[in-house]
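The values are calculated or read from the model by the stated rules, or taken from the named source; none is laboratory data. What you see is a predicted model, and the numbers here were worked out from it, not measured in a lab. We place every Cβ from the backbone using ideal geometry, glycine too, and count neighbours over all the protein chains shown. These accessible areas exclude ligands, DNA and RNA; they are computed on the full protein's heavy atoms, side chains included. Shrake-Rupley method; radii C 1.70, N 1.55, O 1.52, S 1.80 Å.
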Amino acid sequence: MVTAAIAYLAFAIFVAGTVWRVVAWARVPVPFPIALTCGQQKSLDGIRAAWLENPWTPAGAACRTALEALLFRSLFRNSRAQFLPGPRFIYRPALSLWAGALLFHVCLFWVWIGHLRFFVDPALLGPANRFVDAGLLAGLAFLFLRRVLDPRLRYLTLLSDYLPLALLATVASSGILMRWWFHTDAAAVKRFALGLATFHPIAPVGVGLLFYVHLFAASALVATIPFTKLAHIAGVFFSPTRNLPNRSRARRHVNPWLAPAQVHTYAEWEDEFRDRMRVAGLPLERQ
Amino acid sequence: MAEPKPDELVQIDYAPPHAPWPGPGAQFRKGTYSHAGAAKNLKYLGLPNPRDWQPPDADWKLPENWREIVIQGMRERLEKYRSFRLFMDICVRCGACADKCHFYLGTGDPRNMPVLRAELLRSVYRRYFTPAGRALGRLAGARDLTVDVLKEWFYYFYQCTECRRCSVYCPFGIDTAEVTMVARELLNLVGCNINWIVEPVANCQRTGNHLGIQPHGFKDTLDFAVDEIAELTGIRVEASVNRKGAEILFVAPSADFYGTPHYYTLLGYLMVLHEARVDYTFSAYASEGGNFGMFVSHELMQRLNAKIYAEARRLGVKWVLGGECGHMWRVLHQYMNTLNGPPDFLEPPVSPVTGTVFSNARSACAVHICEFTADLVAHGKLRLEPARNDRFAVTFHDSCNTARGMGLLEEPRLLLRAACNRFFEMPENTIRERTLCCGSGAGLGGDENFETRMRGGLPRAAAVRQVKEAHGVNLLACICAIDKASLPKLLDYWVGGVEVAGVHELVGNALVIEGEKPRATDLRGEAYV
Ligand code: SF4
Ligand code: SF4
């Protein structure tokens with residue numbers, strides 16, 4: 001029963017936290033249309049505009065955001081600068097982070113979908129796959145090792161950046177051990193999971209220690225998502241530099257909190273310079 | 001003060017310090033920071049806490065409750081800017097942005113990595129606004145707001161040119177320029193700003209332009225430019241000021257009227273607008289397209305920018321044409337319509353020459369001169385003799401703001417290809433949306449900030465050196481007033497033998513004006529080859 005309570009609690013924190021987090025972002029206005037343009041704007045007919053990298057329609061911007069969320073478009077641009085005598089810089093394409101991050105996220109997503117087999121009958125999606133499991137571990141190892149091996153990354157990494165990695169490593173390794181080596185009674189797990197899903201929780205029977213490690217670490221991970229940098233999962237869709245179309249001159253973007261400017265008016269200005277303007281022959285509003 | 005030599009500055013140590021972040025606070029070393037805003041300018045603008053002080057002083061004479069002011073200011077902005085709130089929350093410290101900042105590349109200082117620049121603010125955000133930061137402090141990457149932290153903000157947020165290059169590479173689009181803009185607003189709440197910004201802003205508020213040119217002086221300059229063109233071409237162009245009933249209001253950065261080499265760009269505008277028979281006027285009241293208010297706060301940006309629409313309305317023009325300038329166009333393109341629009345007294349811009357409707361500007365009613373002239377060239381309305389620019393091998397430097405805050409990439413290139421025979425691009429990673437900043441943008445162009453500017457501009461200069469060595473490039477064309485002011489010095493320092501010019505200067509050189517006499521020299525008064 002305690003096990004089920006912990007799982008419920010983690011899930012509740014996750015749901016409530018995510019709602020809180022997303023609402024907190026969504027209710028803050030986007031005061032200015034600050035699209036970041038990475039390609040040619042739409043202007044003259046003879047010039048080809050970049051509909052995806054510099055979208056001028058909301059649909060284009062949605063595609064841009066989707067590409068960012070699904071394929072990590074911006075990371076794909078990554079390069080590494082090297083300073084050489086001359087002075088000279090060269091910028092080498094650096095795709096390892098893109099590849100490693102994509103590997104990790106895709107495998108994690110696959111495994112997560114695969115867990116649905118414990119909740120639905122019959123199991124439809126995402127069969128367990130040893131390549132995916134290996135990919136997940138490799139991705140995790142990559143994300144961890146680059147933080148400890150690259151001096152620059154080590155310096156900019158905070159202690160709190162290791163926490164999600166540690167939790168993920170615990171969840172993934174305990175899961176993989178159960179799946180491939182220390183077989184756990186899948187039917188028992190499924191009974192437990194279905195109990196949770198149907199709000200008739202039962203205590204898991206006949207599962208080993210690894211199962212508890214797996215479940216508790218996963219609970220901790222899920223519960224921290226809204227409160228840590230893991231919120232990037234939702235945040236990427238909110239980023240105004242990516243999800244806004246670049247059409248601010250074609251269509252006015254309204255800022256809900258803006259007050260009219262305290263202008264130094266033309267009349268005040270002319271009052272100060274009238275005599276000199278008259279001498280210079282400039283037109284005046286008042287003589 | 002002796003300026004450091006290039007071979008001293010290239011000794012860049014990229015190895016991060018042994019002590020973990022955040023480490024010791026900012027070191028205000030001469031040549032690496034800008035002078036504090038003078039009290040008289042703050043007073044004129046009604047900004048808080050005017051006083052005499054300088055950044056190296058131990059006592060910054062902050063108001064007693066400065067911490068509450070800053071935290072309260074942060075709270076307000078977290079409620080007003082989704083960008084700010086989001087960017088405080090979602091950075092995963094992946095490091096993709098780390099070596100994309102020209103200041104990091106030029107100094108090796110880890111706090112110039114965009115991620116750690118933002119972390120200066122983010123750590124304080126966590127401490128006062130997140131449950132984890134409140135409870136766990138350092139463990140959660142949070143820290144108290146102290147005077148030393150404030151000083152660090154000042155040093156590093158006045159060491160960011162708001163160029164947005166980091167954002168191109170960030171998987172979440174985190175734009176450190178947004179963070180810098182908010183950080184500068186916070187610093188301004190307690191009177192911590194720099195004179196190279198607040199002085200132009202005060203000038204602009206009063207006279208209508210950053211340089212403080214008064215209306216009669218403004219008219220003199222234009223008259224002088226008209227005379228010079230007459231001497232060169234035998235053609236007397238018209239340049240009216242504050243003329244009601246003109247079709248178009250033309251607004252340029254004020255440096256174009258007084259700066260060198262900006263001035264030759266002004267000559268180029270005048271010649272093109274004459275040849276196209278455009279009915280336009282300048283305004284002495286709205287004689288500034290640039291907007292240093294943007295480098296103080298959104299409020300000051302709005303105040304200065306308001307003059308453009310106000311003047312367009314008073315003069316009864318149909319639409320606004322804007323000159324070559326970077327941050328001016330960030331404001332005109334992404335802010336003006338929201339800040340001071342809708343300009344329902346204007347009409348959607350139509351080129352009086354070609355009939356082209358600038359539908360991309362139909363609401364803000366403001367067209368970039370490169371869009372306008374490129375349209376003329378595309379329709380064959382200008383006769384250009386590119387051979388007149390044959391003494392130049394030309395490259396093009398994209399201004400950060402027009403590249404990443406607008407996407408004006410091909411229009412200037414179209415003009416350069418039409419006006420010059422020899423045009424060469426710099427390496428791919430240093431142009432277009434990946435363009436490298438001149439190192440002096442966002443108000444950091446003061447002489448006293450020399451070392452930082454040269455360091456920040458090093459990556460750009462290095463790319464120029466590459467095309468100089470490969471193709472004999474001896475002229476860098478650009479469409480930004482700050483570039484024109486800062487790049488000549490930068491390129492002299494790092495490269496040598498490369499001049500800087502506006503795109504419209506080269507167009508003006510190549511332009512054959514109907515009825516003109518044979519020209520003896522180019523716009524700079526130098527012989528054609
Ligand atoms: S690229 Fe974006 S997410 Fe990565 S460290 Fe920089 S700001 Fe953070
Ligand atoms: S906006 Fe430009 S100057 Fe500022 S941190 Fe990003 S790359 Fe550096």
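Which one of these is assigned by TED's automatic domain parsing to the domain that holds B:Tyr169, under 30 Å from A:Phe237 (Cβ atoms), within 16 Å of ligand 2 (Cβ to nearest atom) and within 26 Å of the chain's Cα centre (by Cα): B:Tyr104, B:Tyr33?
The unique qualifying residue is B:Tyr104.
Can you name every residue in the range B:137-169 that is away from ligand 2 (no atom under 16 Å from the Cβ), of a type outside the set (Val, Ile, Thr) and out of contact with any Ser or Thr (no Cβ under 8 Å at 6 or more places or on another chain)?
B:Gly137, B:Arg138, B:Asp144, B:Leu145, B:Asp148, B:Leu150, B:Lys151
Which number in (1) open to solvent by 50 Å² or more (accessible area, probe 1.4 Å); (2) part of a strand (DSSP E or B) marks the one condition that A:Leu177 misses?
(2)
Among the residues of the range B:109-131, are any in contact (Cβ under 8 Å) with a residue 12 or more places away in the chain, more than 12 Å from ligand 2 (Cβ to nearest atom) and acidic (Asp, Glu)?
No, the conditions are met nowhere in the range B:109-131.
Among residues belonging to the range A:97-114 that are free of Cβ contacts under 8 Å to residues at least 24 places away in the same chain and surrounded by fewer than 19 Cβ atoms within 10 Å (Cβ to Cβ), point out the one that is farthest from the other protein chains (Cβ to nearest Cβ).
A:Ile113
Wholly within the range A:206-287, which helices (runs of 4 or more DSSP H) include no fewer than the required count, namely at least 1 residues that are within 30 Å of B:Tyr169 (Cα to Cα) and at the interface with chain B (Cβ under 7 Å from one of its Cβ atoms)?
A:232-235, A:240-243
Please give the helices (runs of 4 or more DSSP H) falling wholly within the range B:393-471 in which 1 or more residues are open to solvent by less than 10 Å² (accessible area, probe 1.4 Å) and farther than 25 Å from B:Leu332 by Cβ.
So the answer is B:450-471.
Please go through the range A:20-59 and pick out each residue that is assigned to a loop (DSSP other than H, G, I, E, B), within 30 Å of B:Pro131 (Cα to Cα) and more than 8 Å from every other protein chain (Cβ to nearest Cβ).
Hit for the range A:20-59 is A:Arg27, nothing else.
Determine whether the range B:175-182 contains at least one residue that is more than 15 Å from ligand 2 (Cβ to nearest atom) and assigned to a helix (DSSP H, G or I).
no
Among the residues that make up the range B:348-355, is at least one of them assigned to a loop (DSSP other than H, G, I, E, B), among the hydrophobic types (A, V, I, L, M, F, W, C) and open to solvent by less than 10 Å² (accessible area, probe 1.4 Å)?
no
Determine which single condition B:Ala96 fails, assuming it passes every other condition in (1) farther than 24 Å from B:Arg126 by Cβ; (2) touching a Phe, Trp or Tyr at 6+ places or on another chain (Cβ under 8 Å).
(1)
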